[in-house]
Amino acid sequence: MIKDWISRYGLKFPRSLIYMLQSSEYNIGEYLSWMRRTKNFSHVEKRKTLVKNPKSLLLLAITWLLLIAVYSTALFVIWHGYSIRRLYVFFFLLWAAPYIASYGIIIPLLIIKYIIQRPIEYFIVKKARTTLAAHKGIKIAIAGSFGKTSMREILKTVLSEGKRVAAPPHSYNTPLGISKFIKTLKGDEEVLIFELGEYYPGDVRKLCKLIQPDMGVITGINQAHLQKFKTLKKTTDTIFELSDWLGDKPLYVNGENILAKDHASSHHILYSREGTKQWMVTNPTTGLSGTSFTLTNEDKQITIQSKLLGLHQIGPLVAAIDIASYLGLSEEQIARGTNNTKPFDHRLEPKQDGSGVITLDDSYNGNPDGVTAVINFLASLHGHRRWYVTPGLVEMGVQTESIHKEIGRQLATANIEKVVLIKNSVTTDIEQGLKESQFSGEIMWFEDALAAFAALPHLTLPGDVVLLQNDWPDQYN
Amino acid sequence: MKNIAVIFGGKSAEHDVSIITAHTPIISSLLATGQYEVWPIYITKDGAWYCDQFMNDLEYFKKDDWHNQLTKLKTIHLSFDNGLTVIWPGLLSKQIKIDLVFPSMHGTFGEDGSLMGLLRMANVPFIGCDLFASAVAMDKVLTKQVLASEGLPVVPYVWFTKHDWELNKSTLSEKISHLKYPLFIKPVHLGSSIGITKVKNNSELENALEVAFHYDDKVLIEEGIENLIEVTLPIMGNETLQCAAIERPLNNTEFFDFNDKYLSGGTKGNGVNRQYSELPAQINDTLTNQILDLGQKTYRILGCSGIARIDFLIDDQTKNVYVNEVNTLPGSLYQHNWKTIGISNVELVTRLINLAQERFDSQKTTTYTFSSDILKQSGGKKI
């Protein structure tokens, strides 16, 4: 306890504060709540470290200045005469210095945000909107609580066989991120694909105004970011802001997701692992080497062999195929493009090391639907000892307990042999779910993900399949 | 949590290999269990003992200036008062009572039984073979003599010391001339193939002996086998034995030397012997059974316990099998081999710990002292 208290007075403290701000994407509410939860400030940078850029360095300098100012005042008070009152003030200032710095930094942050950053961003976004309005390419917008990046990559891979396609890299899905990407366009692209990030009501509408999409895809709605949205109704309404914008223009909706399907209109195109209105899926199979199925409509038949893992990938593949067909790609181009699809970074990405252990890196998948899909995939694997490693899911709001218990139940039903849990506030719920479903495998606990990753090579055997599910960023500790 | 000390390094030609074995798999697997407080005890080549938990990370020993950093630490003291206690001297003196020791020292002053003797004196349970098996197995000549006396097959050999060679060169040369070339010249007490030379004729002998005597004062000269197949068998257990898979090292060079074993090994290696070994060895069932039988007999004759690895030579034409060497601390515990029969690193170290405890408990029932009046009677006419 004393160590925790002293950690506020250590040299690392200012850096920890700025790291917390940066990891929370300078969201003051999140920063304050993380700070309230944190007991020891010496080991805040666990999963990542502070990224040094002009903004973070400026804020770090200001924090140091604040601390120096408070300590100097304390010294000034005691230096210029001794009295009991002055002594009280001196000790009070010494005690209060880290608190003054923690909260004081918010003022310059707000100044930077509203006086410098916002006006600059406004002009950047305005310029990007003008550029995009003049761009002749077809703009496809993807909204949803999950699966947006996978959908973007699938679309990009399939459509690239017949069109010049561009899409923002990484998870550029905010107005500023998309504007940065727009600056890189050559102007001759035929298709532009955008992910729409949603954190608060109105976010999707704002992005639609910027992009002005010609068609869209809604990948599904679930509890991702529920902590921010508070209710699933608000999440649904925000994601369907895309539908409001598109009007009669084509909108593909994931028919496997109940919330999205229930909210879809009759003119929307539903897609699922069964196919679409136009296409029918037959002979679906999946395994560690990929997924295959046959797609037929009235007069066409296409055999698909994707390297993507899991039957849940068939729905997005079918949607991409239908869009490709709509945009005029030939059957050969579609088949070639679809067969080129492969797992993306950290999304059910298989890796095999020299020891013969197959690791499925699904660390960017942190939503309940994605988890269910992956557990179903693991359940379909036979002849392997299966390991499921997770710190649980973040931002599940009021449904945190029920969602995690359900994950435990699903793992027990799938007869997963080994479940590795990282100690935090949610994994005890997974354990509870496992126990309630008479889980027959082994549960192992680790203090943090790094300890688990270090131990796994010594616990596994050749042929084992290790699934790494989701990451637990520092700001949720 | 139990305190477990992993002792590595030491005054040995295999000093660096010992550091690797200590970390991969021993320390990392012990940490992975989450059940032990691991205390790495590193012995320098000069014989100084250090212990600090940051040495649990192998990366420390890869730093350029780790030797300098090490000298800033205080050497530890050991107390044998009712068990083994590690003491960090100084103003802020600290001490830790060790519950179990995991020796990870290859070669001299460690694997040769010296460390085991120390640990027996300290009355602390330790992993792996005991003093007697370690001492015999470390001496390649003694091993052959013991095994041959029990009727186990070994290849023809000659041995002598540096002093013998200097005094009786002609007699010994005469003895050597009865062996069939090619011959292998080996320092008797060294492992990891250090100092071994293959000679094809008499003119190469002198140089090879010089190399061997550089590392040891006792050398072994043994016949090479035509159409040789080398295989090795890791075994674990005290009374009940479990064999791992029979493994055949693959080498394209003259023989499997230190570089092949540790620097170019594994499928990822870029050395000449790119593929480290054939696992399990593709040999027929008769040979397999013969090796399993000879392996277990050797293990028992030498009194091994915990873990050991027995090396064999097979003449591919005659199908004769010879016991070659016994290694009481296989490099990295031959973890890759145990994995192929379904034993993970964590399970391996956990089993070895249980075996060590089992042996320690059973030794407690042995009476080592005897009451007599001999002291009172000393000084008399005849004791």
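Each value in this text was obtained by applying a stated rule to the coordinates, not by laboratory testing. None of the values given here were measured: they were computed from a predicted structure. Cβ sites come from the backbone with ideal geometry, for glycine too, and all protein chains shown count toward neighbours.
As a footprinting exposure proxy, order A:Ser306, A:Ser380, B:Ser149, B:Ser332 by other Cβ within 10 Å, with the fewest listed first.
B:Ser149, A:Ser380, B:Ser332, A:Ser306
With a cut-off of 8 Å between alpha carbons and a minimum separation of six or more residues, what is the relative contact order of segment A:22-149 in percent? Walk me through the numbers on the way to the answer.
Working: 41 pairs, mean separation 27.3, N = 128.
Result for segment A:22-149 is 21 percent.
Which percentage, to the nearest 5, of the DSSP beta bridges contained in segment B:1-121 is antiparallel? Walk me through the numbers on the way to the answer.
Values: 11 of 24 bridges.
Once the DSSP bridges in segment B:1-121 are tallied, antiparallel ones form about 45 percent.
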Quiz item: Any idea what angle helix B:205-215 forms with the longest principal axis of chain B, computed on alpha-carbon atoms, 0 to 90 degrees, nearest 10?
Solution: 0
Self-check item: Karplus-derived HN-Hα couplings along segment A:307-317 (A = 6.51, B = -1.76, C = 1.60, θ = phi - 60°), whole Hz, x at Gly and Pro
Solution: 8, 5, 9, x, 5, 5, 7, 5, x, x, 5
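Hand me the trypsin sites (Lys or Arg not before Pro) from segment A:194-243 located in a DSSP loop with no more than 16 other Cβ atoms within 10 Å, in residue order please.
Here the sparse-neighbourhood loop sites are A:Lys230.
Within the protein assembly as shown, what percent of beta bridges assigned by DSSP are antiparallel, to the nearest 5? Walk me through the numbers on the way to the answer.
Working: 65 of 114 bridges.
Expressed as a percentage, antiparallel bridges in the protein assembly as shown total about 55.
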Exercise. With runs of 4+ DSSP H residues as the only contributors, calculate the mean residue ellipticity of the protein assembly as shown at 222 nm using -39,500 (n - 2.57) per run, divided by the residue total and rounded to the nearest 500.
Key: -11500 deg cm²/dmol
Quiz item: How compact and how long is segment A:136-339, expressed as Rg and Dmax of its alpha-carbon atoms in Å?
Solution: 16.2, 48
Practice problem: Would you compute, for the Cα atoms of segment B:2-127, the largest minus smallest coordinate along each principal axis and list the three values in descending order, in whole Å? | Solution: 39, 36, 32
Practice problem: For A:Tyr9 and A:Gln227, calculate 0.36 nm times their separation in residues minus their Cα-Cα distance, and state this gained length in nm to one decimal. | Solution: 75.3 nm
Quiz prompt | Gaussian network model of chain B, Cα within-10 Å springs - most flexible of B:Ala308, B:Ala32, B:Ala208 | solution = B:Ala32
Practice problem: Report, in whole Å, the centroid distance computed from the Cα atoms of segment A:144-174 and segment B:17-88. | Solution: 51
Quiz prompt | Of all DSSP beta bridges in segment A:349-476, antiparallel share, percent nearest 5 | solution = 20
Quiz item: Once both axes come from the Cα atoms, what is the angle between helix A:28-37 and the longest principal axis of chain A, in degrees from 0 to 90, rounded to 10?
Solution: 70
Quiz item: Taking a temperature of 25 °C and a viscosity of 0.890 mPa s, what whole-number D in µm²/s does Stokes-Einstein yield for segment A:349-476 with Rh from Kirkwood over alpha carbon pairs?
Solution: 170
Exercise. For chain B, with a Gaussian network of springs between Cα atoms less than 10 Å apart, report the residue from B:Ile20, B:Ile291, B:Ile343 with the top mean-square fluctuation.
Key: B:Ile343
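How do A:His268, A:His312, A:His80 rank when sorted from fewest to most other Cβ atoms within 10 Å of their own Cβ?
Values: A:His268 20, A:His312 23, A:His80 8.
The order, fewest Cβ neighbours first, is A:His80, A:His268, A:His312.
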Quiz item: Relative to the compact globular guide of 2.2 N^0.38 Å, what is the alpha carbon radius of gyration of the protein assembly as shown, as a ratio?
Solution: 1.21
Self-check item: Residue-wise HN-Hα coupling along segment A:149-160, computed from phi with Karplus coefficients 6.51, -1.76, 1.60 (Hz; x: Gly, Pro)
Solution: 5, 4, 4, 4, 5, 5, 4, 4, 5, 5, 5, 4
Quiz item: Hey, rough spin-label estimate for B:Ser362 and B:Lys319, points 7 angstrom out along Cα→Cβ, what's it come to in nanometres?
Solution: 3.5
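What per residue convex hull volume, in Å³, do the alpha-carbon atoms of segment A:267-307 yield?
Values: hull volume 2.8 nm³, N = 41.
In segment A:267-307, the Cα hull volume divided by residue count equals 68 Å³.
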Practice problem: Please give the helix B:285-301 orientation as an angle from the longest Cα principal axis of chain B, in degrees from 0 to 90, rounded to the nearest 10. | Solution: 50
Quiz item: Can you sort B:Met121, A:Met280, B:Met138 by how many other beta carbons sit within 10 Å, fewest first?
Solution: B:Met121, A:Met280, B:Met138
Quiz item: With labels modelled as points extended 7 Å from the Cα through the Cβ direction, what inter-label distance (nm, one decimal) is found for A:Glu45 paired with B:Leu375?
Solution: 6.5
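R0 = 56 Å: FRET efficiency of B:Glu59 with B:His163, Cβ-based, nearest 0.05? Mind showing how you got there, number by number?
Details: r = 44 Å, r/R0 = 0.79.
Calculated transfer efficiency: 0.80.
Which value in Å does the Kirkwood hydrodynamic radius of chain A take, with 1/r averaged over all unlike C-alpha pairs and then inverted?
Values: mean 1/r = 0.0403 Å⁻¹.
Hydrodynamic radius (Kirkwood, Cα only) of chain A equals 24.8 Å.
How far, in nm, would the chain grow between B:Asn289 and B:Thr340 when pulled straight, counting 0.36 nm per residue and subtracting the alpha carbon separation?
Values: separation 51, 0.36 × 51 = 18.36 nm, distance 1.85 nm.
Length gained, B:Asn289 through B:Thr340: 16.5 nm.
Taking R0 as 22 Å, what's the FRET efficiency between A:Glu274 and A:Asn415 from their Cβ-Cβ distance, rounded to 0.05? Please list the in-between numbers first.
Details: r = 27 Å, r/R0 = 1.21.
In this case the efficiency is close to 0.25.
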Exercise. Calculate the length of the line joining the C-alpha centroid of segment B:273-333 to that of segment A:419-477, in whole Å.
Key: 39
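If you stretched the chain out fully between A:Ile107 and A:Glu332, how much longer would it get, using 0.36 nm times the residue separation minus the C-alpha to C-alpha distance?
Working it through step by step, the gained length comes to 75.1 nm.
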Self-check item: Label-to-label distance, nm, for residues given as A:Thr130 and A:Asn283 (7 Å Cα→Cβ offset)
Solution: 5.6
Quiz item: Which FRET efficiency, nearest 0.05, do A:Trp95 and A:Ala454 yield, Cβ-Cβ r, R0 30 Å?
Solution: 0.15
